[in-house]
Amino acid sequence: MSFNTFGKIFRFTTWGESHGPAIGCIVDGCPPNIPISEKEIQKDMDKRRPGQSKFTTQRKESDKVSILSGVFQGKTTGTPISMIIYNEDKRSRDYESIKDKFRPGHADLTYFKKYGIRDYRGGGRQSARETASRVAAGAIAKIVLKKIIGKKISIVGAVTQLGIMGCDASKWNDSEIRKNPFFCPDKSSVNLWEKYLLEIRKSGSSCGAVIELRARGIPVGLGAPIYSKLDADIASALMSINAVKGVNIGAGMGSAFLTGEENSDEIRGGAGKIKFKSNRAGGILGGISSGQDIIASFAVKPTSSILNSRETINKKGRNTKISVKGRHDPCVGIRAVPIGEAMLACVILDHYMMNKAQCS
């Protein structure tokens, strides 16, 4: 299987399967002499870790990350950073009853048709378990960005839509996001979301979500106007996350409903500074960062592994039905927040390094 590597200068390669002994990643292109510790990386790993509330899968994984190479005496050496995360709570037997059936909405069928192999143990390589490795790589990217750009940079994600339940994003509060199990930025929506998701889970179904990412303190000039647009690479990064079906940059698809006056972010100058009166472009103009906050959002489909019976086929092409038991997220979008943050951090660092190489 090819295409397991993401990035151009700051690159990472993930490896491993959902029910294998371990998963991990190799980060290449990280600058030397950056102070990095497993403890710092673990903070982001814990945000994604399963089994932390009744609203996520009850698979119990500590997701403890170990650095195997690329760090000496607490600093990066400039060589590849290898990290490993052991799988601790596998229940492959949960999938025995569906090993010859294809789960609707999953990649089971296309994976089998392409590779001729059916790793039914939680989906194998196609499982969202792989994203833990991305979060480890993204944690390193965040640390490097803080070191080379400064503490003013921040990348924060939140769930702004849970199924049919929205929230008031104008009440966005970074500290509130960290206090509730939904990563919701609006405190007033949390109790309603809790009741809604409990009903979804009890019914044996699932729901989708929309995650918004806000990157602040981004310098002007990242990206290129044609084939390496910053927004194109962000969209590619977010679309590569399991279960993501759509990406918006700024107003995104909503910009089609605006007039030219409404959509254009008017520019003013004064005191040696440039200011924008709005940010419908999401901080990116012509594929290049404008210095405003980068705003991106992505839609995550409902979890495809549900208890309710669905029609499908088996490996012999015969019609059958399937009900997926086991431990699954009623809304996989909740744990996609730290994954989205990680992918955005990797893209921004990659483009920062490319920009320094060309325009330093």
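Scanning the range 1-14 for residues that are surrounded by fewer than 17 Cβ atoms within 10 Å (Cβ to Cβ) and in contact with a strand residue (DSSP E or B) (Cβ under 8 Å, 6 or more places away or on another chain) returns 4, 5. Does residue 321 satisfy the criteria of being assigned to a strand (DSSP E or B), closer than 29 Å to residue 199 by Cα and open to solvent by 10 Å² or more (accessible area, probe 1.4 Å)? Answer is yes for this residue. Cβ-Cβ contacts under 6 Å between residues 6 or more apart (or on different chains), taken from a first residue in the range 117-138 that is touching a residue at least 60 places away in the same chain (Cβ under 8 Å) to a second residue that is in a loop (DSSP other than H, G, I, E, B) and open to solvent by 20 Å² or more (accessible area, probe 1.4 Å), are listed as 124/17; 125/17; 126/107; 128/242. Considering every residue within the range 169-184, establish whether at least one is among the small types (Gly, Ala, Ser) and open to solvent by less than 30 Å² (accessible area, probe 1.4 Å). No, the range 169-184 contains no residue that is among the small types (Gly, Ala, Ser) and open to solvent by less than 30 Å² (accessible area, probe 1.4 Å). Summed over the range 127-160, the residues that are touching a Gly at 6+ places or on another chain (Cβ under 8 Å), in a helix (DSSP H, G or I) and open to solvent by 10 Å² or more (accessible area, probe 1.4 Å) give a count of 2.
Taken together, 121, 48, 103 contain a single residue that is open to solvent by less than 30 Å² (accessible area, probe 1.4 Å) and either in contact with an Asp or Glu (Cβ under 8 Å, 6 or more places away or on another chain) or farther than 30 Å from residue 310 by Cβ (or both), which is 48. Note on the range 265-311: residues that are modelled with pLDDT under 95 and among the hydroxyl-bearing types (Ser, Thr, Tyr) total 4. Being closer than 21 Å to residue 158 by Cβ, buried (at least 17 other Cβ atoms within 10 Å of the Cβ) and not acidic (Asp, Glu): is that true of residue 295 here? Yes. Condition (residue is part of a loop (DSSP other than H, G, I, E, B) and either at pLDDT 95 or above or more than 25 Å from residue 102 (Cβ to Cβ) (or both)) applied to the range 336-359: is it met by at least one residue? Looking through the range 336-359, none of the residues is part of a loop (DSSP other than H, G, I, E, B) and either at pLDDT 95 or above or more than 25 Å from residue 102 (Cβ to Cβ) (or both). Per the conditions (1) among the hydroxyl-bearing types (Ser, Thr, Tyr); (2) surrounded by fewer than 19 Cβ atoms within 10 Å (Cβ to Cβ); (3) under 23 Å from residue 127 (Cα atoms), the sole criterion not satisfied by residue 206 is (2).
Evaluated against (1) of a type outside the set (A, V, I, L, M, F, W, C); (2) in contact with a Leu (Cβ under 7 Å, 6 or more places away or on another chain); (3) free of Cβ contacts under 8 Å to residues at least 60 places away in the same chain, residue 263 falls short on exactly one condition, (2). Number of residues in the range 105-128 that are in contact with a strand residue (DSSP E or B) (Cβ under 9 Å, 6 or more places away or on another chain) and modelled with pLDDT under 90: the value is 2. Quick check on this structure: which one of 21, 35 is open to solvent by 10 Å² or more (accessible area, probe 1.4 Å) and modelled with pLDDT of 95 or more? Answer to the check: 35.
So which of 248, 242 ends up being under 30 Å from residue 305 (Cα atoms) and at pLDDT below 95? Show your work before the answer.
Details: 248 fails: at pLDDT below 95.
Just one listed residue meets the conditions, 242.
Please find, among 278, 305, the residue that is in contact (Cβ under 8 Å) with a residue 12 or more places away in the chain, out of contact with any Cys (no Cβ under 8 Å at 6 or more places or on another chain), part of a loop (DSSP other than H, G, I, E, B) and more than 30 Å from residue 199 (Cβ to Cβ).
Of 278, 305, the one residue that is in contact (Cβ under 8 Å) with a residue 12 or more places away in the chain, out of contact with any Cys (no Cβ under 8 Å at 6 or more places or on another chain), part of a loop (DSSP other than H, G, I, E, B) and more than 30 Å from residue 199 (Cβ to Cβ) is 278.
Among the residues of the range 54-104 satisfying the criterion of being assigned to a helix (DSSP H, G or I) and not aromatic (Phe, Trp, Tyr), which is modelled with the highest pLDDT?
Restricting to residues being assigned to a helix (DSSP H, G or I) and not aromatic (Phe, Trp, Tyr), the top hit is 98.
The values are calculated or read from the model by the stated rules, or taken from the named source; none is laboratory data. In this text the structure is predicted, and so the values were computed from the model without any measurement. We place every Cβ from the backbone using ideal geometry, glycine too, and count neighbours over all the protein chains shown. For accessibility, only protein heavy atoms count, side chains too; no ligands or nucleic acids. Shrake-Rupley method; radii C 1.70, N 1.55, O 1.52, S 1.80 Å.
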